[in-house]
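A.B. asks: Please find one structure pasted underneath; my questions will follow.
Taken together, the values in this text are just the output of simple stated rules run on the coordinates, not laboratory data. Just so it is clear, the structure is predicted and the values come from calculations on it, not from any experiment. Positions of Cβ are backbone-derived with ideal geometry, glycine not excepted, and every protein chain shown enters the neighbour counts.
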Amino acid sequence: IFELIPNATFQLAFEGVANYGHGIVIDDVQVDVVQNASTAISKSKTSDIRVYPNPSNGIFTISQGSNGAVAQFEVFNISGVRVQSGVLAKSSEQVDLTRLSEGVYILRLVSKHTEQLMKLIIKK
């Protein structure tokens, strides 16, 4: 837990060393921004956001549960290039990524107070 400076940019970096052909995969990273650092300790780390089916043929449903707090989404390819973005207007909404090739993508969900990253897999 650390204090965030308003309007500052932070970067999280992970470094892994592969021995004997073994790799490291980091997935489902979530960053929560809270007003008071003391509340972060008791803040639940579970999320009621679901993305399904995953893997899929490119049609994903994003379900926000009862709070409907996510305002926008972005999808990035494995190189970090944004390939699609949009606004989520309903608590459950379909996202069509069928124009994309098979592979692994990163879904970024952003609300007023949180940002969540999820891995998406497209299999055709």
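A.B. asks: Please compute the net charge surrounding T61, taking Lys and Arg as +1 and Asp and Glu as -1 over other residues with Cβ under 15 Å from its Cβ.
C.D. replies: That works out to -1.
A.B. asks: For L120, enumerate residues with amide H under 5 Å from its amide H, sequence gap 5+ or separate chain, H modeled in the peptide plane.
C.D. replies: Those lying under 5 Å, H to H, from L120 are Y105, I106, L107.
A.B. asks: Between V87 and N57, what is the spin-label point distance in nm, taking each point 7 Å from the Cα along the Cα→C-beta axis?
C.D. replies: 3.1
A.B. asks: Between beta-carbons, use under 15 Å as the cut-off and find the net charge around R82, counting Lys and Arg +1, Asp and Glu -1.
C.D. replies: 0
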